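Asker: The structure under discussion is supplied below as structure tokens; questions concerning it will follow.
The values are calculated or read from the model by the stated rules, or taken from the named source; none is laboratory data. No experiment lies behind these values; they were computed from the predicted model shown. With ideal geometry, Cβ positions are generated from the backbone for all residues, glycine too; neighbour counts draw on all protein chains shown.
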Amino acid sequence: MTLPIAGFCSSGILGIDGVCTKLKYQSSPIHITPAITCSQRTMNRSPPRMPPVPRLTEAFFDPASQRTIVRGAFAHFGHLLFELLKFSTLSPEAMLARVEFEGDERARLAYARGKGVLFVTGHFGFWELQAMVHALQLQPMAVVARTLDNRALNALLEQIRQRTGNTVIYRRGTIRRVMRLLHAGQGVGVLIDQHIQSRDAIYVDFFGRPAATTSVVATLALRTGARVVPLFALPLGGGRYRMVYEPPVEPPSSDAADAIHEFTQRCTDVLEMYVRRNPELWLWMHRRWRDSGQTGETERNMFPATEPDAPSDEI
């Protein structure tokens, strides 16, 4: 099935309803041949202050490969959108038939400790699909998310995320809820690759440059004893995916000078390893690196939030 991304990009929620109806009865893999055309248009419309190529320069990729990576990233996120919509129409059995798992025993062992599990990843690969099938293969998790500007799209995405039993926790005021879930031995999924401006932000190296990152994952893990398990969803082709669970991130020693910073850096290092391997699968459109003095700037990213970053009690 070939889908016209360029037309869909401007069709809004009504277009999504129509696409979902078509995808429900589509059994063959999705082919998005016009994705590059849509990517070029999106790049041309991007505000001058947020072009993706400088982020690739900051990450020290070879200049000759930057255009290829940017085009691949835009095409990937178009593909991700349609695959997410398609997945939302499948039965649980059909979802599991399209994926394979690697290292899921690590997650089982982490759950078995009874102290909860913090699953960390980034806007990389097919992370939304992984959360859906995680609930089927292991057990449902709570997913920390930001609210979208478009209420209809936010409601649709929330419905998709909860399709297999997961719950969504919106970022404002999440700490107490996450603590309760961890104490109950449950899992919580957190994306750690976006710039944040709250007082909980700390700067760790990402591709050799300081990037403001949430410290809450490290803080909660050190406070509760919860394991931190990185996970990543990689495409295999033909509409199939590999869901990878990395070994738990080891906490720093008790005498570490700055355990929270060191723990956060270790989590970020795992994400960077995956982005280096497959740079076209990461969200380069996001302004990940910023000067530390720019505390009042509001991010204009791919999925803008209705809420500004809260000063505390959020991830």
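Asker: Test each condition in (1) among the aliphatic types (A, V, I, L, M); (2) surrounded by fewer than 17 Cβ atoms within 10 Å (Cβ to Cβ); (3) closer than 19 Å to Pro235 by Cα for Leu129 and report the one that comes out false.
Answerer: Going through (1) among the aliphatic types (A, V, I, L, M); (2) surrounded by fewer than 17 Cβ atoms within 10 Å (Cβ to Cβ); (3) closer than 19 Å to Pro235 by Cα one by one, Leu129 breaks only (2).
Asker: For region 90-101, which residues satisfy the criterion of being surrounded by 18 or more Cβ atoms within 10 Å (Cβ to Cβ) and either part of a helix (DSSP H, G or I) or at pLDDT below 95 (or both)?
Answerer: Met95
Asker: Still on this model: Quick check on my filter: what residues within region 222-238 are surrounded by fewer than 17 Cβ atoms within 10 Å (Cβ to Cβ) and either closer than 14 Å to Ala107 by Cβ or small (Gly, Ala, Ser) (or both)?
Answerer: The first filter runs over region 222-238 and keeps only residues surrounded by fewer than 17 Cβ atoms within 10 Å (Cβ to Cβ), leaving 223-225, 236-238.
Of everything in region 222-238, those that are surrounded by fewer than 17 Cβ atoms within 10 Å (Cβ to Cβ) and either closer than 14 Å to Ala107 by Cβ or small (Gly, Ala, Ser) (or both) turn out to be Gly225, Gly237, Gly238.
Asker: Just one of (1) in a loop (DSSP other than H, G, I, E, B); (2) under 22 Å from Leu231 (Cβ atoms) trips up Gln130, so point out which.
Answerer: It fails just one condition, (1).
Asker: Which pairs do you get when a residue that is assigned to a loop (DSSP other than H, G, I, E, B), found in region 189-214, comes within reach of a residue that is crowded, with 21+ Cβ neighbours inside 10 Å and among the aromatic types (Phe, Trp, Tyr), reach meaning Cβ atoms under 8 angstrom, with the pair 6+ apart or on two chains?
Answerer: Note: pairs meeting the criteria are Asp193/Phe206; Asp193/Trp282.
Asker: Taking region 62-80 as the search range and keeping residues that are among the aliphatic types (A, V, I, L, M) and over 16 Å from Gly122 (Cα atoms), which one is surrounded by the fewest Cβ atoms within 10 Å (Cβ to Cβ)? Outline the logic, then answer.
Answerer: The first filter runs over region 62-80 and keeps only residues among the aliphatic types (A, V, I, L, M), leaving 64, 69-70, 73, 75, 80.
Checking which are over 16 Å from Gly122 (Cα atoms) leaves us with 64, 69-70, 75.
Details: Ala64: 7, Ile69: 22, Val70: 22, Ala75: 20.
If we take residues in region 62-80 being among the aliphatic types (A, V, I, L, M) and over 16 Å from Gly122 (Cα atoms), then Ala64 is surrounded by the fewest Cβ atoms within 10 Å (Cβ to Cβ).
Asker: So, in region 228-275, exactly how many residues are in contact (Cβ under 8 Å) with a residue 12 or more places away in the chain and farther than 24 Å from Val216 by Cβ?
Answerer: 9
Asker: Now for a separate question. For region 84-95, state whether one or more residues are touching a Leu at 6+ places or on another chain (Cβ under 9 Å) and closer than 25 Å to Leu220 by Cβ.
Answerer: No, region 84-95 has no match at all.
Asker: So which residues in region 150-179 are under 27 Å from Ser215 (Cβ atoms), modelled with pLDDT under 95 and part of a loop (DSSP other than H, G, I, E, B)?
Answerer: Within region 150-179, Arg171, Arg172, Gly173, Thr174 qualify.
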